[in-house]
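The values are calculated or read from the model by the stated rules, or taken from the named source; none is laboratory data. On a predicted model such as this, the values are computed, not experimentally measured, just so you know. Methodologically, a virtual Cβ is constructed for each residue, glycine included, from the backbone with ideal geometry; neighbour enumeration extends over all protein chains shown.
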Amino acid sequence: MAKCLLANPEHIHTAAQAIHTGQLVAFGTETVYGLGGDATNDKAVAAIFDAKGRPRFNPLISHFATVEDAFDHGRITPLAQSLAEAFWPGPMTLVLNRHHHCPVSPLALADLDSIAVRVPANAQARAFLAEAAVPVAAPSANRSGRISPSRASHVEEDLGQSPHLACILDTGPSDAGIESTVIDARGDVPVILRPGSITQEDITAATGLIPQHPTEAIISPGQLKSHYAPELPLLLDAEKAGPDTAWIGFGPKNPPEAACYFNLSPGGDLIEAAAELYHQLRAADSSGASAIAVASIPHQGIGLAINDRLQRAAHRD
Ligand code: TXA
Ligand code: MG
């Protein structure tokens with residue numbers, strides 16, 4: 001069983017040592033917990049795919065302690081520079097052309113010519129990345145297709161038994177609680193490959209540009225229809241629940257009759273709702289109910305990312 005370690009300097013050192021020996025470390029960031037390994041080590045990267053049960057065509061994000069390190073691996077563009085100035089360190093991932101000398105394992109890149117790079121804001125995460133001193137490949141630390149982890153205990157539940165996992169660096173509950181916004185910054189206009197806690201409005205305010213959305217169905221290989229899924233059937237935009245159904249509300253309205261009750265934000269705050277989303281989905285999933293009903297969430301600001309995750313969570317192939 002992987003040990004859960006408070007993210008103090010001593011444990012950050014232990015975790016960085018584990019990365020150097022090719023083991024995996026789960027670590028908290030401001031978005032969700034990541035399952036990290038040395039991105040330049042083929043075996044460590046293979047262990048990440050194995051631990052998650054993740055399809056190999058789905059590339060991983062490389063994490064760095066500084067903006068300079070990120071641009072040393074992905075080729076900077078004027079657009080990437082202005083986005084980095086506005087949002088890094090922070091919950092944004094940029095897809096860039098990779099440098100020819102980029103040492104990241106082709107397995108982490110799913111053999112693409114591009115690389116996804118991110119500089120997280122969480123101070124302990126960056127201290128860990130600085131001490132690791134290699135790009136750290138890290139998908140969300142959940143089994144592939146399941147709900148992402150926003151607490152160390154979520155990682156323990158999902159991956160605690162994995163033989164690859166050396167430890168979990170506990171940085172407390174994630175602030176944003178929803179994954180980073182993935183932006184293709186190779187061209188002149190930002191293309192949002194995955195909505196996240198940096199919103200379209202934030203991007204326009206920072207760059208003066210209106211972001212585009214990918215034209216092809218799946219240009220980010222990870223944008224599968226079914227993802228982030230609980231075990232139980234999930235009903236969206238619900239107004240009713242019932243005695244066997246867990247209710248997840250939003251806002252101050254009284255809930256309908258249900259088996260048990262959650263609320264993403266009684267005050268109707270979308271940022272609070274994003275931070276609570278995965279925690280409450282997990283709790284509802286293990287509540288003993290036979291289905292989950294979620295109230296409608298406004299499609300604005302970070303609400304777009306919340307609805308994106310809920311739709312994928314509800315989709316059944
Ligand atoms: O907030 C986050 O981004 C978290 C934390 C741990 O940093 N990580 C995360 O990783 O959500 P993951 O692997 O669950 O999602 C990465 C997304 C996937 O949709 C993947 O397809 C996309 O980024 N991606 C990675 N490399 C790409 C590339 N070269 N081109 C297009 N999309 C890419
Ligand atoms: Mg994920």
Inter-residue pairs, beta-carbon under 7 Å, first closer than 15 Å to I115 by Cβ and in segment 50-73, second among the polar types (S, T, N, Q) and within 14 Å of ligand 1 (Cβ to nearest atom), 6+ apart: I61/T93; H73/S62
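Every residue, every condition in (1) touching a Phe, Trp or Tyr at 6+ places or on another chain (Cβ under 6 Å); (2) of a type in the set (D, E, K, R); (3) farther than 20 Å from Q280 by Cβ, yes or no:
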site: S162; (1), (2), (3): no, no, yes
site: L165; (1), (2), (3): no, no, yes
site: D188; (1), (2), (3): no, yes, yes
site: L193; (1), (2), (3): no, no, yes
site: G196; (1), (2), (3): no, no, no
site: I203; (1), (2), (3): no, no, yes
Residue satisfying all of: in segment 243-254; out of contact with any Leu (no Cβ under 6 Å at 6 or more places or on another chain) and buried (at least 16 other Cβ atoms within 10 Å of the Cβ); farthest from P298 (Cα to Cα) among these: T245
Odd one out for I183, checked against (1) within 16 Å of ligand 2 (Cβ to nearest atom); (2) surrounded by 22 or more Cβ atoms within 10 Å (Cβ to Cβ); (3) touching a residue at least 60 places away in the same chain (Cβ under 8 Å); (4) not polar (S, T, N, Q): (1)
Entirely in segment 93-209, the strands (runs of 3 or more DSSP E) that have 1 or more residues that are within 11 Å of ligand 1 (Cβ to nearest atom), of a type in the set (S, T, N, Q) and modelled with pLDDT under 95: none
From the options G172, G160, G145, residue that is out of contact with any Lys or Arg (no Cβ under 6 Å at 6 or more places or on another chain), away from ligand 2 (no atom under 16 Å from the Cβ) and at positive phi: G172
Sole residue being of a type outside the set (S, T, N, Q) and surrounded by fewer than 19 Cβ atoms within 10 Å (Cβ to Cβ), chosen from A123, A127: A123
Residue satisfying all of: in segment 3-44; acidic (D, E) and within 26 Å of P106 (Cβ to Cβ); farthest from ligand 2 (Cβ to nearest atom) among these: D42
